[in-house]
Amino acid sequence: QVQLVESGGGLVQPGGSLRLSCAASGSSFSIIAMGWFRQVAGKERELVATITRGGSTNYADSVKDRFTISSDNAKNTVYLQMNSLKPEDTAVYYCNARLWNLVNVRILELWGQGTLVSVYS
């Protein structure tokens, strides 16, 4: 019924930039909050940044002052602008959304398919 579609990953050199996008498609839902998580093999998935419907943001200390999360509520889309990328930022990045299903009044927790960000020289 509702799905998240990510785009924007790729290969970039240290110090470079990438912009990730995640769009929620479907109908009869309302976004509570959206965020980005990342995961490396052998490690737990970690929170990168979140943004609420009202625009409040939070960032992991490791990306603070380098990454910026933003949203376009009219398009049900969240973005992650990543600047000054470091090799340790290499990971699969997953979009997450907490939604209200307006048909059955349930809270949904959804994940995107993941997009690979590789930062190497």
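The values are calculated or read from the model by the stated rules, or taken from the named source; none is laboratory data. Here the structure is a predicted model, which is why all the values come from computation and not from measurement. Neighbour counts run over all protein chains shown; Cβ positions are idealised from the backbone, glycine included. For the accessible areas, the whole protein counts, side chains as well, though only heavy atoms, and no ligand, DNA or RNA atoms are used. Shrake-Rupley method; radii C 1.70, N 1.55, O 1.52, S 1.80 Å.
Only one residue in Asn58, Asn76 is out of contact with any helix residue (DSSP H, G or I) (no Cβ under 9 Å at 6 or more places or on another chain) and either β-branched (Val, Ile, Thr) or touching a residue at least 12 places away in the same chain (Cβ under 8 Å) (or both), so which one is that?
Exactly one of Asn58, Asn76 is out of contact with any helix residue (DSSP H, G or I) (no Cβ under 9 Å at 6 or more places or on another chain) and either β-branched (Val, Ile, Thr) or touching a residue at least 12 places away in the same chain (Cβ under 8 Å) (or both), namely Asn76.
Considering only the range 88-121, how many residues are more than 14 Å from the chain's Cα centre (by Cα), of a type outside the set (Val, Ile, Thr) and open to solvent by less than 60 Å² (accessible area, probe 1.4 Å)?
So the answer is 4.
With the checklist (1) touching a strand residue (DSSP E or B) at 6+ places or on another chain (Cβ under 9 Å); (2) of a type in the set (D, E, K, R); (3) not in a strand (DSSP E or B) in hand, flag the one item Arg38 doesn't pass.
Going through the list (1) touching a strand residue (DSSP E or B) at 6+ places or on another chain (Cβ under 9 Å); (2) of a type in the set (D, E, K, R); (3) not in a strand (DSSP E or B), Arg38 breaks only (3).
Determine whether Gly35 is buried (at least 20 other Cβ atoms within 10 Å of the Cβ), in contact with a Ser or Thr (Cβ under 7 Å, 6 or more places away or on another chain), at pLDDT 95 or above and of a type in the set (Gly, Ala, Ser).
yes
Going through the range 14-33 one residue at a time, which ones are touching a residue at least 40 places away in the same chain (Cβ under 8 Å) and more than 22 Å from Leu85 (Cα to Cα)?
Answer for the range 14-33, where residues must be touching a residue at least 40 places away in the same chain (Cβ under 8 Å) and more than 22 Å from Leu85 (Cα to Cα): Ala23, Ala24, Ser25, Ser28, Phe29, Ser30, Ile31, Ile32, Ala33.
Of all residues being of a type in the set (A, V, I, L, M) and either open to solvent by 60 Å² or more (accessible area, probe 1.4 Å) or out of contact with any Ser or Thr (no Cβ under 7 Å at 6 or more places or on another chain) (or both) in the range 61-76, which is modelled with the highest pLDDT? Just the residue, please.
The residue in question is Val63.
Conditions (1) modelled with pLDDT of 95 or more; (2) touching a strand residue (DSSP E or B) at 6+ places or on another chain (Cβ under 8 Å), marked per residue:
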site	(1), (2)
Tyr59	yes, yes
Val78	yes, yes
Ser84	yes, no
Val92	yes, yes
Asn96	yes, yes
Leu99	no, yes
Arg106	no, yes
Gln113	yes, yes
Val119	yes, yes
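What residue, of Leu11, Leu47, Leu85, is surrounded by 14 or more Cβ atoms within 10 Å (Cβ to Cβ) and in contact (Cβ under 8 Å) with a residue 40 or more places away in the chain?
Residue meeting the stated conditions: Leu85.
Starting from the range 107-121, take each residue that is over 11 Å from Leu11 (Cβ atoms) and list its partners that are not small (Gly, Ala, Ser) and not in a strand (DSSP E or B), counting only C-beta distances under 9 angstrom and pairs at least six apart or across chains.
What qualifies is Leu108/Gln1; Leu108/Val2; Leu110/Val2.
Does the range 41-50 hold any residues that are outside any strand (DSSP E or B) and on the phi < 0 side of the Ramachandran plot, and which are they?
The answer is Ala41, Lys43, Glu44, Arg45.
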